[in-house]
Amino acid sequence: MKKLLIAINFVFAIMVTAFSQGKAVTGVVTAAEDGTALPGVTVVEKGTQNASFTDLDGNYTIQVTKQDAILVFSFIGYTPKNVSVAGKDAVNASLEMDVAGLEEVIVVGYGNQKRSKISGAVGTIDTKEITSLPVLRTEQALQGRAAGVQVTQNSGQPGSTQSIRIRGTGSLNNAEPLYVIDGIPSAGIDYLNPADIASISILKDAASAAIYGARGGNGVVLITTKTGSKNQKPQITYESYYGMQEPWKYMALLNAEEYGILMNESRSAAGLLPLEALSNPSALGEGEDWQDEIFQRAPMMNHSFSFTNGTESSSTAVGGSYFVQDGIVGGEKGRFERYTFRINTRQDAGDKFRMGQNINFTHLDRSALAENNEFNSVVGRALNMDPTTEAMRPDGSYAYSTMIDSDIANPANQIALNNDFWTTNRFVGSVFGEYDILSNLKFRSTMSVDLSLGSHRVFSPSYDLGIGPNDPDRPAYEWREVNGLMLGENKWSNWQWENTVTYDKELSNGDDVQVVAGYSALNNLSTNFYGFRDSLASNDLQYAYLNNSLNAQEQAPSASGGTTASAFVGQFVRLNYGLGDAWSLSGTVRRDGSSRFGVNNRYGIFPSVSAAWNMTELPWVAEKDWIDFLKLRASWGQNGNADGIGNFDYTSLVYNGLNYTFGSEQVQTNGAGPVNTSNPDLKWETVEQTNVGIDADLYDGKLNIVADYFVKSTNDMLAVVPLPGVVGFLPSATNVASAKNSGVEFAVNHRNQVGDFNYSIGGNIAFIRNEVTDLGEGGQPVATGSVFGIGDLVAYTEIGQPIAYFYGYETDGIFQTDEEAAANTSLPNAQAGDVIFVDQNSDGVVDSDDKVMIGNPHPDFTYGINMEASYKNFDFTLFLQGSQGNDLLNGAFRYDLNTTNLPVAALERWTGEGTSNLYPRISHADPNQNNRISDRFVEDGSYMRIKNVQLGYTLPDNAMQRLKIGKCRVYVAANNLFTFTQYSGLDPEVGTRGTLEIGIDRGFYPSARTFIAGINVNF
Amino acid sequence: MNQKTTLIIGFLAVALVACKQEFLEVQPLVGSTEANFFQNADDAESATIACYNNLQQEVTNIQGSAQLAPHFRWYFGDICSDDSHKGGSGDGDEPELFLFENFSGNSSSKLVLAEWQVAYRGIAYCNLALDRIPGIEMDQQDKDRFLGEASFIRAYWYFNMVTMFGDVPLILGNLAPSEYQQARSSSNEVWAQIEADLTFARENLPRRSELSIAETGRATWGAASALLAKAHAYQEEWQPCNDICLDVMTSGEYYLDPDYANIFTESGENGPGSIWEIQYMNASGGNWGNQLEGSFTNVFQRARGQFGGYGFNIPEQNFVDEFENGDPRLGATVFQVGDQMGDRGVFSLEATGMPHLYYSKKFFINASDEAPFGDPNPNGFSNDRVIRYADVILFHAESAYHLGNEGLARNSVNIIRSRARGGNQALLVSLGTDVTGPDLLDAIYHERRVELGMEGHRFFDLVRTGRGSVELADWGFVSGTHEVFPIPEVEITLSGGLITQNNGY
């Protein structure tokens, strides 16, 4: 607290210091070709970091430090222009089209840099790309937009997270990038309104991310939100869309008749008589389509307002939005709602001191259904539920199945009874002060807080699908005698204080130098409190509170809760040196310390160097007319990956809760002891990356190419290396493992203008190879990914192989005759119709030693293709995105239960010699374990998806003037219009569960196809 | 540079340095670390309870992985014997157990690994308590008792290990990283340690009659004595076995519940004949969450279909046939078609959906008695009756027989038979003097099998008495190999090869 007070005093101290002379310059920036105003143009005072942007009418205001300042105007797609202020107050500029965007200033860690000078690998996504496709979550804006950035949804349910892998999976632990929003490292970005975002930079190589030290190892996503600009007229923007979502695919499953035939066959194969209910399959007909029972069309809607205004010395941007999306499973039972409110303001106090505030408040409401597991997910149950059971009886009550029990309960009833709500209120705010100590030496101090309050409420009503009371035939999961309630309150609060000094000078010999040095301190605190109670007096959600119990005396509510904290400090310095126009050199060192690191390794040092060589002026390049610009880049650096480390992982905490029951009253008595061994050496994972790249602009800027090659090695990777059992305590993670990701990335863009017709086509593609290179002493593989339906762990992480590859038995067709089966003694229980599992080591037994790699969940390459065209007032975009060569494991079916419904492929089962060499006979007994983990369940997961197709029309200006509206665009769009894939499951875009379960489909909640109509209006 | 800027830069420098000091020294706000625990009597008691905690482990995470493995006592004791077979939904449900049942299980099985890891985890907590409690200043009597409890539990684990695996590493303290790789000690050394620990426990544990009601379930003099008697019996040290059995029988601490069937009901828990029971209570567990309060055994052994169980541990015909005509214990041990399964309905093949004619009964509980937490398949409350008084009496019979006291041996068997017949004199006639020699030994074995059936003893009894190759021949038992289970392959690797594999695996 004392330190906090010092910080606040310090900021105030600076605020009241020094008011000295500067100068405000205003002006209008227009496009040379048609004289229209250009919004969003970056205006920078040369040799300083003073920068501003034009508003929607092309107006800007900038504070310059001297009368003869030179202003640099840059805008994506236009040639930058240098204009001398020469003492004037108003400076207008007219920019020429230039496709390359070389002089564009892009956001990098703790500063900005011109694209032409950048020596690392940085991908950028601009406002236009973010807002062009209505994205539900900010992460979606990254998908397919930047080479080497793989974004996959972890579920199609509204509000679900996405997993982002920048240049492959670089860790066995946390592989998600660091998000930095307006300078604040942030856990999750679901609180952002995508419309508030001005730009996104993705720091891919170690050199660019090095300034984030111990947390930059998985890459960094820098997000900058919109601010207003000075001297700007008040402007209001309203954007809205309405969309209808629908499932785009049903899995082809058996109908009731087919199910009856197969079940009878399966029972008979096990020596059981057919079930009475299935004795006449042809009478069963189509039966129930359970997918139809759970999927529905579901609406989504967005309203977003923004207001910007600027005065002589200040600017304000206010944004508010409301977003609601229902699920295609369960409708409002799977709803996500987001309300956001943001104010970003900037003020000048004299010409040496500036300050600003960013304040964001977000309210999230989420109602969630169980998803993506094989035990209680709605989708999984709908796929497995037998088609002979109707969802509802004629009287409107939900029915239970007499064919299947265990985990497979009626999913329609599950949806109806689901009450699982998360409410989050999140406040993120920062205030900064910036002071020019000298004209080229600037000090900046930023204090920020991130406070998140999350409430969780789960009410499980009692119910009974039995016919009459105490129906003995109802399965265990189809009735619940006693209702129950869980209420939880969570609080996460972080503060960060960051001070930087920036020195920027153009030397007399034409070289320029920029130094950024800084210090950052961060503190996290989280607490939670949970209460539980059963036997509530009412079965109505409305009255579901802890004090509302039937047997308040007998059964007190139980409660749990805890709190934990961590602290983080960093010091960093970066030197950029521009040697003439040809060379840009950069070096960074950061030293980070974390309370999460073991006492023997509290601090780590992370260096990097990089260089760019602008070859444009070389004679052999200059003489080629078709080369406009050519730059080679090379970088090397080390980062850390530390965000996956828990707060006290390094020590051996004594847990209360090693309890035991004593007494005739069965009382839990507290026991306590350590659970893990301690590891005082615990530290970050070290990510070392070398990158070489080339940037080229060809043919008058019509063709723009960026190519990169990288080798990214993660060492000191945390892995839990099994200890000998005799140690007794569980092993803690140690820094022993290594992995390597290497690959190439290409991005190509072409744009052109023919009369009124503008078009562009761009694509990016990345080929990444992932390999585990070390797993510590013994090198024991790590097995993960339990898939219950096939009774095993299916993912394996092993030296020399990609992370979490699929591991199981190779198959070699089906035994066609009993003689053939008997001849194969490695499978003693096999008979005709059973699967031939390969005895890899030829030891005469097929056992777990014969498991091999049966699939690789990592794609050979991922790509995105973006096409845009505009003609007069019409605009059109088409955006494709895909993944090639990745395998998926289809684990949606509960083969262990014998009586689940099955994919129609089961109709092609073996029924006699020569009938099938792919699908085995069906048997309740399954003595050969045909459904054990094997390549039968691995499928090609490649896909190409038309992510977005959109047609827009901007209303003509004269009409707008009559309506007193600045600009109005209406559009229609479709998301996920078509998906091209061979995968048999509901969606090929299956994300991850943790880091070590990739592409395992346990009845995946698919993403929706969405049709959208929207309007954007400026006043 | 003017004065003001110098000042600011100076301020900055100070701020940077000031913030560095101890900023990163964050202490856990909840709980303590290994370093500051073991301070007082409460800590000593908590550390002792932690030793008990591990006894309840039935389904455990394989060390450091997400993989769950069950390792019930009845997996090896019953299913690997001629009393029962695996059951489940088919051969593919717990396939490794299917292999062990047929004596083709191998060292890569997670079942043996779970057994190994859980035992050593339990031993580690005992070692920690035995190492740290002596240094705590506290009431000496309490201290001795805690040490006695930890010694008893350590002996219990080593008893399980030596009977499962034969020679095993003998770990008697917490290991430093340099000591992690340990070789096997001979089973003689392990048995000697078990005897030493139990002798210490006998001297320091209270008698059952000295426990308060709230302490029911804690280790007693009787438990340590009975386990010591068993340890001697397993080594065929019949005289000490006989002495200790007699000690227990004359202590006045235990008597046989007149109603055999009552032993396995809720009210029969910790009953008059209960010597050592692992305690469980009703718990929500259908989400496989809180594994250590309730027992999975109830749901695992209950019939499938409408009975909502998983249908494991299916009694064999051979076992059912072992019961003499009218032996009431059969009805308390096995469900047969047509039996009422408590409040869950009548046992028919249709209702279970499986072809099995029998189900295990001793762990059956009524739906109405289950955890009222709204969980459709909650964990059950049934305690695991590890050592019953009948077990001690039958060891008395067996040891007396081997010591040549056939009369005493018959007498002890007849005590068991007398209780079993429940007052119906027409049943289970007492052994007469005509039952002698090998016939008497067979009668003792027979009595053990039916009295203690489905309680996890049979496989180990067969091996102990050298009858495995005869009784289990049909399942593939080979003498010289299947007396013990394979050492987990992973443990051999992690020991750097110091641990060797058992013969034949």
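The values are calculated or read from the model by the stated rules, or taken from the named source; none is laboratory data. All of these numbers come straight from a predicted model, not from anything done at the bench. Neighbour counts run over all protein chains shown; Cβ positions are idealised from the backbone, glycine included.
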- Note on the structure: The condition from (1) surrounded by 21 or more Cβ atoms within 10 Å (Cβ to Cβ); (2) in a loop (DSSP other than H, G, I, E, B); (3) in the same structural domain as B:S418 (by TED's automatic domain parsing) that B:F477 misses is numbered (3)
- Message: When you check B:D197 against the structure, is it more than 13 Å from chain A (Cβ to nearest Cβ), surrounded by fewer than 16 Cβ atoms within 10 Å (Cβ to Cβ) and out of contact with any Leu (no Cβ under 7 Å at 6 or more places or on another chain), yes or no?
- Response: no
- Task: Out of B:M341, B:M354, report the one residue that is of a type in the set (A, V, I, L, M) and farther than 22 Å from A:R267 by Cβ.
- Result: B:M341
- Taking strands (runs of 3 or more DSSP E) that fall entirely within segment A:534-638, which contain at least 3 residues that are surrounded by 15 or more Cβ atoms within 10 Å (Cβ to Cβ) and of a type in the set (A, V, I, L, M)? A:558-579, A:603-614
- Tell me the strands (runs of 3 or more DSSP E) entirely within segment B:267-363 that contain at least 3 residues that are in contact (Cβ under 8 Å) with a residue 60 or more places away in the chain. B:274-278, B:312-315
- Tally, over segment A:670-693, of residues that are in contact with a Gly (Cβ under 9 Å, 6 or more places away or on another chain), surrounded by 20 or more Cβ atoms within 10 Å (Cβ to Cβ) and free of Cβ contacts under 8 Å to residues at least 24 places away in the same chain: 2
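Condition check ((1) in contact (Cβ under 8 Å) with a residue 24 or more places away in the chain; (2) of a type in the set (A, V, I, L, M, F, W, C); (3) surrounded by fewer than 22 Cβ atoms within 10 Å (Cβ to Cβ)) across all residues:
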{"residue": "A:N309", "(1), (2), (3)": "yes, no, yes"}
{"residue": "A:S313", "(1), (2), (3)": "yes, no, yes"}
{"residue": "A:F323", "(1), (2), (3)": "yes, yes, no"}
{"residue": "A:K333", "(1), (2), (3)": "yes, no, yes"}
{"residue": "A:T340", "(1), (2), (3)": "yes, no, no"}
{"residue": "A:T345", "(1), (2), (3)": "yes, no, yes"}
{"residue": "A:N358", "(1), (2), (3)": "yes, no, no"}
- Query: Mind checking whether some residue in segment B:217-226 is more than 26 Å from A:E665 (Cβ to Cβ) and more than 14 Å from every other protein chain (Cβ to nearest Cβ)?
  - Reply: yes
- Task: Check segment A:719-732 and report whether any residue there is part of a strand (DSSP E or B), in contact with a Leu (Cβ under 7 Å, 6 or more places away or on another chain) and either under 25 Å from A:R165 (Cβ atoms) or touching a residue at least 60 places away in the same chain (Cβ under 8 Å) (or both).
- Result: yes
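A quick yes/no check of all residues on (1) without any contact (Cβ under 8 Å) to a residue 60 or more places away in the chain; (2) in contact with a Phe, Trp or Tyr (Cβ under 8 Å, 6 or more places away or on another chain); (3) more than 24 Å from A:T161 (Cβ to Cβ):
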position	(1), (2), (3)
A:L907	no, no, yes
A:E913	no, no, yes
A:Y919	no, yes, yes
A:D935	no, yes, yes
A:Y943	no, yes, no
A:D957	yes, no, yes
- Query: Which numbered condition trips up A:G380, out of (1) more than 14 Å from chain B (Cβ to nearest Cβ); (2) buried (at least 20 other Cβ atoms within 10 Å of the Cβ); (3) assigned to a loop (DSSP other than H, G, I, E, B); (4) not charged (D, E, K, R)?
  - Reply: (3)
- Every residue from segment B:119-147 that is within 13 Å of another protein chain (Cβ to nearest Cβ) and either surrounded by fewer than 17 Cβ atoms within 10 Å (Cβ to Cβ) or of a type in the set (K, R) (or both): B:R121, B:D131, B:R132
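Conditions (1) of a type in the set (F, W, Y); (2) facing another protein chain (nearest Cβ under 7 Å); (3) within 31 Å of the chain's Cα centre (by Cα), marked per residue:
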site	(1), (2), (3)
A:V621	no, no, no
A:K624	no, no, no
A:L630	no, no, no
A:G646	no, no, yes
A:Y655	yes, yes, no
A:F662	yes, yes, no
A:G673	no, yes, no
A:T690	no, no, yes
- Note on the structure: Of the residues in segment A:960-978, those that are of a type in the set (A, V, I, L, M), in contact with a strand residue (DSSP E or B) (Cβ under 8 Å, 6 or more places away or on another chain) and outside any loop (DSSP other than H, G, I, E, B) come to A:M960, A:V970, A:V972, A:A973, A:A974
- Query: Of these, A:A737, A:A696, which one is within 31 Å of the chain's Cα centre (by Cα), of a type in the set (G, A, S), within 14 Å of chain B (Cβ to nearest Cβ) and crowded, with 18+ Cβ neighbours inside 10 Å?
  - Reply: A:A737
- Failed criterion for A:Q780 (all others in (1) part of a loop (DSSP other than H, G, I, E, B); (2) in contact with a helix residue (DSSP H, G or I) (Cβ under 6 Å, 6 or more places away or on another chain) hold): (2)
- Item | Qualifying position, being touching a strand residue (DSSP E or B) at 6+ places or on another chain (Cβ under 7 Å), modelled with pLDDT under 80 and not hydrophobic (A, V, I, L, M, F, W, C), among A:G27, A:G47, A:G35, A:G101 | A:G47
- Restricting segment A:890-941 to residues that are surrounded by fewer than 18 Cβ atoms within 10 Å (Cβ to Cβ) and β-branched (V, I, T), which is nearest to the other protein chains (Cβ to nearest Cβ)? A:T911
- Task: Exactly one condition in (1) modelled with pLDDT under 85; (2) within 7 Å of chain A (Cβ to nearest Cβ); (3) farther than 30 Å from B:K362 by Cβ is not met by B:V17; state its number.
- Result: (2)
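Among the residues that make up segment A:232-250, is at least one of them part of a loop (DSSP other than H, G, I, E, B), on the phi > 0 side of the Ramachandran plot and crowded, with 22+ Cβ neighbours inside 10 Å?
no
Results for (1) at pLDDT 95 or above; (2) at the interface with another protein chain (Cβ under 8 Å from one of its Cβ atoms), shown as yes or no for each residue.
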| position | (1), (2) |
| --- | --- |
| B:M1 | no, yes |
| B:I9 | no, yes |
| B:G31 | no, yes |
| B:E34 | no, yes |
| B:Y52 | yes, yes |
| B:L55 | no, yes |
| B:V59 | no, no |
| B:I62 | no, no |
| B:S84 | yes, no |
- Can you find even one residue in segment B:109-123 that is in contact with an Asp or Glu (Cβ under 9 Å, 6 or more places away or on another chain), assigned by TED's automatic domain parsing to the domain that holds B:Y180 and either of a type in the set (S, T, N, Q) or free of Cβ contacts under 8 Å to residues at least 24 places away in the same chain (or both)? yes
- Item | segment A:512-528, residues that are surrounded by fewer than 19 Cβ atoms within 10 Å (Cβ to Cβ), more than 28 Å from the chain's Cα centre (by Cα) and within 12 Å of chain B (Cβ to nearest Cβ) | A:A517
- Message: Residues to consider are B:P177, B:P169; find the one that is within 10 Å of another protein chain (Cβ to nearest Cβ) and either among the hydrophobic types (A, V, I, L, M, F, W, C) or surrounded by fewer than 17 Cβ atoms within 10 Å (Cβ to Cβ) (or both).
- Response: B:P177
- Message: Against the conditions (1) in a strand (DSSP E or B); (2) farther than 19 Å from A:F1004 by Cα, where does A:G882 fall short? Just the number, please.
- Response: (2)
